[in-house]
Amino acid sequence: MKLFEKIQSDMYQAMKAKDTIKSKTLRVVFAKLKDKKIAKRGDLSEGEELKVLQSIANQHKESIVMFKNGGRDDLVEQETNELHIIEQYLPKMMTDDEIRNIVKISIEETRAKALSDIGKVMPVIMKKGAGKIDGKKAQLFLRELLQ
């Protein structure tokens with residue numbers, strides 16, 4: 001079953017179970033996937049579906065940080081709950097050690113020597129991570145190793 005269909009099925013189940021948080025969250029995810037599908041004028045690949053989900057998850061993470069800084073604990077809790085629901089559909093992310101190892105290998109492959117080579121190395125890292133790597137962490141490790 002494709003991710004799109006799984007989310008649709010889970011959304012309907014949550015609606016029937018009157019799970020408002022899950023159904024609301026999955027409606028938003030489903031709508032964004034459907035919009036992307038319409039814009040493409042065809043079915044999305046698994047990678048494209050994952051990119052949409054990762055984008056939504058990143059938006060929630062940024063919102064959580066902003067709400068924490070603003071002292072809005074009620075909204076932090078809401079965003080966190082929605083993020084947990086979305087993360088159930090994402091592949092397990094790599095650990096810091098795995099990311100650091102990929103960064104080291106990518107630096108060797110591209111023969112990067114300075115911070116100016118970040119633009120050359122990051123695409124290689126992200127391709128190797130295949131949607132399971134946190135780009136911000138990877139860039140942090142890359143900057144650390146190139147200094």
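The values are calculated or read from the model by the stated rules, or taken from the named source; none is laboratory data. The shown structure was predicted, so the numbers you read here are calculated from the model rather than taken from an experiment. FYI the Cβ positions are ideal-geometry reconstructions off the backbone, even for glycines, and counts take in every protein chain you see. Just so you know, the surface numbers come from the protein's heavy atoms only, side chains and all, with ligands and any DNA or RNA stripped out. Shrake-Rupley method; radii C 1.70, N 1.55, O 1.52, S 1.80 Å.
Before moving on, here are some points about what is shown:
- The separation of the range 1-73 from the range 94-130, counted between C-alpha centres, amounts to 29 Å.
- Each Lys or Arg adds one and each Asp or Glu subtracts one; over the other residues with Cβ under 10 Å from the Cβ of residue 67, this totals -3.
- The range 1-73: trypsin sites (Lys or Arg not before Pro) in DSSP loop, at most 15 other beta carbons within 10 Å: 2, 18, 41, 72
- Relative to the longest principal axis of the Cα atoms of the chain, the long axis of helix 3-16 makes an angle of roughly 40 degrees.
- Taking the helices alone, the chain has a mean residue ellipticity at 222 nm of -25500 deg cm²/dmol, built from -39,500 (n - 2.57) per DSSP H run of at least 4 residues and averaged over all its residues.
- Label-to-label distance for residue 12 and residue 32 is 2.3 nm, based on points extended 7 Å past Cα in the beta-carbon direction.
- The Stokes-Einstein estimate for the chain, based on a Kirkwood radius over Cα pairs and taken at 10 °C with 1.306 mPa s viscosity, is a diffusion coefficient of 93 µm²/s.
- Structural descriptor for the range 1-109: relative contact order 24 percent, calculated from alpha carbon pairs under 8 angstrom and at least 6 residues apart.
- Two-decimal Rg/Rh across the range 24-108, once Rg and the Kirkwood Rh are taken from alpha-carbon atoms: 1.07
- With contacts taken as Cα pairs under 8 Å and at least 6 residues apart, the range 45-126 reaches a relative contact order of 23 percent.
- Across 73, 10, the residue with the most accessible area heads the list, and the full order at a 1.4 Å probe is 73, 10.
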